[in-house]
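Report on the structure given below.
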Amino acid sequence: MIPKRDKQNVGQRLLAAFRDAGGVEVAPDLLLPAESLLDLYGEDIRARAYVTADPIRGEMMLRPDFTVPVVQAHMQNGAEPARYCYLGEVFRKQDMGDTHPANPRDSEYLQAGFELFSRDPDADAELFALFHDLLLPLGLTAQIGDMGLLLDAVAALPLPDTRRDALMHQIWRPGRFRRLLTSFGEPSIPRSFPESDSPWAGLRSEDEMIRRMARLKSDAAVAPLAPVWSERLDRLFALQAPANEVAPMLYELAQDMPAIAPAVDRITARLRAIADRGIDLSGITFDASHGRTTLEYYDGFTFSFTADRAGWPPVASGGRYDALTRVLGKGREIPAVGGIIRPGLVAELEGAA
Amino acid sequence: MIRLGVPSKGRLMEQTFDWFADRGVTLSRSGSDREYAGRVEGADGVSLVLLSAGEIPRELAAGRIELGVTGTDLVREKLAGWRDLVAEVAPMGFGHADLIIAVPACWRDCSDLDDLAAIARDFREEHGFRLRIATKYHRLVRAWLSEHEVADYQLVDSQGATEGTVANQTAEAIADITSSGATLRANNLRILDEEPILRSQATLFANRAAMGPTMNAFLTQLGLT
């Protein structure tokens, strides 16, 4: 068991490194308004937040993550470009299900993080290099991906809007995504809607139901998606290779799917920028589907650093979240990328070394 | 001493008494109907504790009773990591109920969970908040929906009269326990065409830490080993 003070010390060391990298330290509240912020997280964090009631401030939650409050503060009064860093606890319930795990995950732990708001295309490489160099002595496995690549590929499928939107929406839920894609490849079976003599009840209106039934009826007339498209998508989603070898593979895929060409250009430029910072790309795995397992607000570059320990979450993770700044900026937006390191895990690795 | 926790009233208590009587152990309430003390005849070293069915999982886990009769639904909902805390000694064959999701019967376009997932997505876009599912089984429902990759919903707490929440517009769907479905139909709700989240029945549970010779002797007497 590593004493909390030691974890705190590691956190302070990481925070100092983030300050040296130009980060302005910020300290978001521990208690955050749940109603306005909780909705921005994916189901995983949303279900695990500690929510409590305050007689005056309404429903509040214990900080489940830093990115959202940091983005919110920046969008309200930040200048650009901006670099922020922070250190503090986050709280996430760890429901163990049917049995108690031998090493339960902490429900309260430290995060040290860095967020970069900048229109400079080099921002991804700057952030990744910062994390990479800090973590280098720990011998972790680095993985990177790009959600934009997948989103562009899905958006370009020759599908009617309703089907495309449904797929885009489920991209973070692999099983549901797979079932939708499979069903789009098969001839539609017209739906029948049994009559009901029940009186209308509830907030969802009859009009909403009628519109959905009309959509389902017109959907039944859509021709199946040619198998070649789901094959291409499968190949893209399954792509995993050392980052120094991935460029030709991506360009080959882009020949069949021209819509991903801009994302591929972006990715190869990013890889060059990372290599230009002296990082050996052969030690990094590019996994096209990497972002599907990270936070749902990442919509571009994603990365994680993992230790070879069973049951451990990533020691560090991060990504690009341009859409989140759009939502929180109410009209304003700025490209943003950020990440966190878990000092507690770093302390354990250093303690074991 | 083995302390046996039994639901303190209603059919569940009577059926539990019958179940033990069939196995040669007579349980009874001592004194008046209002008194929560009990008597055990036909078994040595066993005492009866009458409790609300909802408290039995917690009392078992805390070791304040060694055996307890309650629904599988309550144990799984209330005890995180239940398998490590209590053992399912015997399903008792009564108190059957399914934990299900029900939607307004007027939703002609909603037959299964895929429909509900799609409707939830539309609902969120239309109304600006997530479709609400009223329940008191937060952990079980959340785990099941997460396993089935449903997003765009929120759970709202309902500790009673859950079937009424849709008509009162405090929820769009419910997740609750039902045996015959009569209450659901009376409230114009229809069960989703899916396997239940959980099939529950009254079950005899034992605190794992209390397993030992004394417990084994009693379970053997009941014909359970």
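Quick notes on this one:
- Three principal axis extents of segment B:66-150 based on alpha-carbon atoms, in descending order, are 52, 24, 18 Å.
- Simple Cβ-charge dipole of segment B:97-199, Lys/Arg +1 and Asp/Glu -1, about Cα centre, in debye nearest 20: 420 debye
- For chain B, calculated [θ]222 nm from helices alone, where every DSSP H run of n ≥ 4 adds -39500 (n - 2.57): -8500 deg cm²/dmol
- Computed over chain A, relative contact order equals 25 percent, with contacts defined as Cα pairs under 8 Å that lie 6+ residues apart.
- Taking Cα atoms only, the orientation of helix A:261-276 departs from the longest principal axis of chain A by about 10 degrees.
- Dipole-positive endmost among A:Gly344, A:Leu159, A:Gly97 within chain A (Cβ charges, Cα centre): A:Gly97
- Phi angles across segment A:234-239 convert, under the Karplus curve 6.51 cos²θ - 1.76 cosθ + 1.60 with θ = phi - 60°, into 3J(HN,Hα) values of 4, 4, 5, 5, 8, 5 Hz, Gly and Pro given as x.
- The protein assembly as shown: translational diffusion in µm²/s, Stokes-Einstein, Kirkwood Rh over Cα pairs, 20 °C, 1.002 mPa s: 79 µm²/s
- Three-way shape label, segment B:97-199, alpha-carbon gyration tensor, a/c 1.5: rounded
- Counting only DSSP beta bridges whose two residues both lie in segment B:97-199, roughly 60 percent are antiparallel.
- Assuming charge only on the beta carbon of Lys and Arg (+1) and of Asp and Glu (-1), the dipole of chain A about its Cα centre is about 260 debye to the nearest 20.
- Annotation: amide H of A:Val315 within the under-5 Å range of A:Phe305, A:Thr306, A:Ala307, sequence separation 5 or more or interchain, hydrogens built in the peptide plane.
- For A:Gly185, residues with placed amide H under 5 Å, excluding near neighbours: A:Leu225
- Filtered GluC sites (Glu not before Pro), segment A:210-253: DSSP coil and at most 11 other beta carbons within 10 Å: A:Glu245
- The packing ranking of peptides A:14-22, B:2-10, highest mean first, is B:2-10, A:14-22, where packing means the average number of other beta carbon atoms within 10 angstrom of each residue.
- Inter-chain Cβ neighbour average for residues A:97-107, partner chain, 10 Å: 3
- Sorted ascending by nearby beta carbons within 10 Å, beginning with the fewest, A:Glu186, B:Glu66 become A:Glu186, B:Glu66.
- Under-5 Å amide H pairs with B:Arg132, H placed in peptide plane, nonlocal only: B:Gln154, B:Glu172, B:Ala173
- For the segment B:107-117, counting C-beta atoms of other chains within 10 Å of every residue's C-beta and taking the mean gives 5.
- The fewest-to-most ranking of B:Ser200, B:Ser180, B:Ser28, A:Ser198 by surrounding Cβ atoms within 10 Å reads B:Ser180, B:Ser28, A:Ser198, B:Ser200.
- Helix-only CD estimate at 222 nm, as mean residue ellipticity for chain A, using -39500 (n - 2.57) per DSSP H run (n ≥ 4): -12500 deg cm²/dmol
- Segment B:97-199, relative contact order [Cα under 8 Å, separation at least 6], %: 48 percent
- Relative exposure of A:Asp265, B:Asp122, judged by other C-beta atoms within 10 Å (fewest first): A:Asp265, B:Asp122
- For chain A, the longest principal axis of the Cα atoms and the long axis of helix A:123-135 meet at an angle of about 50 degrees.
- Mean-position separation - Cα centroids, segment B:92-163 and segment A:251-297, in angstrom: 38 Å
- Percent of beta bridges antiparallel (DSSP, the protein assembly as shown, rounded to nearest 5): 75 percent
- Positive-end ranking of B:Gly164, B:Ala143, B:Ala217 along the dipole of chain B, with charges on Cβ about the Cα centre, is headed by B:Ala217.
- Helix A:206-219 vs. chain A, principal-axis angle (Cα, 0 to 90°, nearest 10): 80 degrees
Throughout, read-outs are computed from the coordinates displayed, never taken from laboratory work. Small disclaimer: the values here were computed from a predicted structure and weren't measured. A quick note on method: Cβ atoms are made from the backbone with ideal geometry, for glycine too, and the neighbour counts reach across all protein chains shown.
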